[in-house]
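Note sheet for the following structure.
Just so you know, all these numbers are worked out from the coordinates, no wet-lab data involved. Computed from a predicted model, the values in this text were never measured in an experiment. Note that we place each Cβ from the backbone using ideal geometry, even for glycine, and neighbour counts take in every protein chain shown.
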Amino acid sequence: MQIGETSAELKKGGKHALARAITLVEDSPRFAGTLFESLGTRAPEAMRLGITGPPGVGKSTIISRLIPRILDDGYKLGVLLVDPTSPISGGAVLGDRIRLSEILKRNDVFVRSLASRGSLGGVSLATGAAIRLLEHWGADIVIVETVGMGQAGTDIAFLADVVFLALSPGAGDAVQTMKSGILEVADAYIVNKADMPGIPSLIASLEADLVMEDGSSPVILTANALKGEGIEEVWQRFRELRDSKMTGDKGLEFRKMRTAGELKFVTELLLRDMMWNDAGLTRRADELISAICNGRADIFGAALTLLEDAGLDSFE
Ligand SMILES: Nc1nc2c(ncn2[C@@H]2O[C@H](COP(=O)(O)OP(=O)(O)O)[C@@H](O)[C@H]2O)c(=O)[nH]1
Ligand SMILES: [Mg+2]
């Protein structure tokens, strides 16, 4: 199918076209440009919720509980899982899983896994692009699940309006290694598996580690996602936090900061893609590699030569 046809179908709300479009941007960043050009004017922004945290704490289970709740409010919903190890229905109890699979057939919900391309839950170009494709498809809300621990995985803050960090007892040790990383980019915390022992001490260690800028206490919610308890609170708090963070001058500042990060990221990625797919530059690189190995050139000199050949020689 042609890109033009795919984008027309996608804008009409076609789930197959949306899936095809996401595959296209995953497979080739270069085609993303053509695709977005054919999609035309910018789609309205969705409300974006990031749910991150160590593996196994119940992120997917929380999301599988949020899906019917959000649809009940009449919103069109897109879910991206940058964590293929944990399918969306993986955490749900049997009866719910059957019900969820029925729900996922609806036209107002779309769930898709994305490869994290090697980085630990790190978001790829495809994640940002897929969010925008979901917006063109008409999503009001987009949820992104990522694996986030310590310094790794903080990129989610560049894509989501509000980030919830999910933890569970047993992942308590993880809190110690999370300082100055994912712990700080989170807007709120979900302590999941409330049915298990160790909840109070996990909350206490979180509170001890979190000093909010304005002296207020951090938002720490508890949930038992398996039973669906605490999910309503997650949904309500998301909307409150989103409203306060994304409106007014502060919201505009945040959007700019976020856009700057993403623009840089995408530009660098496209540059890399262009350079290493250029036959002339690849040949030149091969020559330079031999020269370096033979002691006739140094790495930095060779790199600058490549950039010069690519037309990027004006370091001012
Ligand atoms: N006891 C208990 N187990 C849960 C709860 N929520 C999720 N789980 C289980 O924890 C495991 C990991 O859940 P999953 O949602 O895949 O975690 P993720 O890796 O963070 O996405 C699954 O076996 C779930 O059934 C909960 O509230 N209580
Ligand atoms: Mg998961």
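Non-local amide H neighbours of Ala223 (under 5 Å, H modeled in plane, Pro and chain starts lacking H): which ones?
Counting only residues 5 or more places away or on other chains, the set is Val191, Asn192, Lys193, Ala194.
Please provide three numbers in whole Å: the alpha-carbon extents of the range 1-41 along the principal axes, with the largest listed first.
If we take the Cα atoms of the range 1-41, the spans are 24, 20, 16 Å.
For the chain, what is the relative contact order in percent, using Cα pairs closer than 8 Å and at least 6 residues apart in sequence?
Dividing the mean separation by the residue count of the chain yields 18 percent.
Which far-off residues, 5 or more places away or on another chain, put their amide H under 5 Å from the one on Ser113, with H placed in the peptide plane?
Under 5 Å from the amide H of Ser113: Leu81.
Using only the alpha-carbon atoms, how far is helix 29-39 inclined from the longest principal axis of the chain? Give it as 0 to 90 degrees, nearest 10.
70 degrees
In degrees, nearest 10, range 0 to 90: what is the angle between the Cα axis of helix 248-276 and the longest Cα principal axis of the chain?
The angle comes out at about 40 degrees.
Over the alpha-carbon set of the range 223-276, work out the extent along each principal axis and list the three values in angstrom, largest first.
51, 33, 8
Over 24 Å between C-alpha atoms is what I'm after, so list which of Lys11/Lys250; Lys76/Lys105; Lys12/Lys105; Lys193/Lys245; Lys59/Lys227; Lys105/Lys245 land there. Write down the numbers at each step before the final one.
Details: Lys11/Lys250 31 Å; Lys76/Lys105 13 Å; Lys12/Lys105 17 Å; Lys193/Lys245 28 Å; Lys59/Lys227 14 Å; Lys105/Lys245 33 Å.
Exceeds cut-off: Lys11/Lys250; Lys193/Lys245; Lys105/Lys245.
How far apart, in nm, are the 7 Å Cα→Cβ label points at Ile220 and Asn107?
Rounded to a tenth, the inter-label distance reads 4.6 nm.
Mind checking the log10 I(q)/I(0) for the chain at q = 0.07, 0.08 Å⁻¹? Debye, one equal scatterer per Cα, no solvent, two decimals.
-0.33, -0.42
Can you list the residues, at least 5 places off or on another chain, whose amide H is less than 5 Å from the amide H of Ala166, using H built in the peptide plane?
Thr52, Gly53, Ile190
What nm value, rounded to one decimal, do you get for the distance between Asp249 and Met274 when each label is placed 7 Å out toward the C-beta?
Each label point lies 7 Å from its Cα, and together they span 3.7 nm.
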